[in-house]
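Report on one structure; see the data block that follows.
A short reminder: the numbers here are calculations on the coordinates, not readings from a lab. Keep in mind that what you see is a predicted model, and the values were worked out from it rather than measured. No Cβ is skipped: glycine too gets one built from the backbone with ideal geometry, and neighbour counts run over all protein chains shown.
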Amino acid sequence: MIIDSEAFKELRVKNNLTQKELAKKMGCVQSNVANIECGTQGLSMEVFVSLCKIYKEKPEQILKKLKITIH
């Protein structure tokens, strides 16, 4: 999935999470979060589902907030 990397970062910051904290909740390493935020890495379906759970949002809300494009 291709996302708006700035929107990804804004959502993390609005939820008062560091990259390291979000990575731990996602089950990955901090560098993965950094790569998503700088646009060099997209989202897998697994990560997308994790974000819905972490932020307690419905999938369509996360799709809209992150301006996700599915290819």
Near residue 58, which lysines are there with a Cα under 18 Å away, not counting those fewer than 8 places off in the same chain? 14, 25, 67
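Viscosity 0.692 mPa s, temperature 37 °C: Stokes-Einstein D of the range 5-65 from its Kirkwood Cα radius, in µm² per second? Intermediate values should be presented prior to the final figure.
Values: Rh = 11.4 Å.
Translational D for this selection: 288 µm²/s.
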With labels modelled as points extended 7 Å from the Cα through the Cβ direction, what inter-label distance (nm, one decimal) is found for residue 64 paired with residue 30? 3.4 nm
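For residue 2 and residue 57, FRET efficiency with R0 = 25 Å and r from the beta-carbon atoms, rounded to 0.05? Please list the in-between numbers first.
Details: r = 19 Å, r/R0 = 0.76.
Once the sixth-power term is evaluated, E becomes 0.85.
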Run the reach check for residue 64 against aspartates and glutamates, Cα to Cα strictly under 15 Å, same-chain hits fewer than 8 apart removed. What comes back? 4, 6, 10
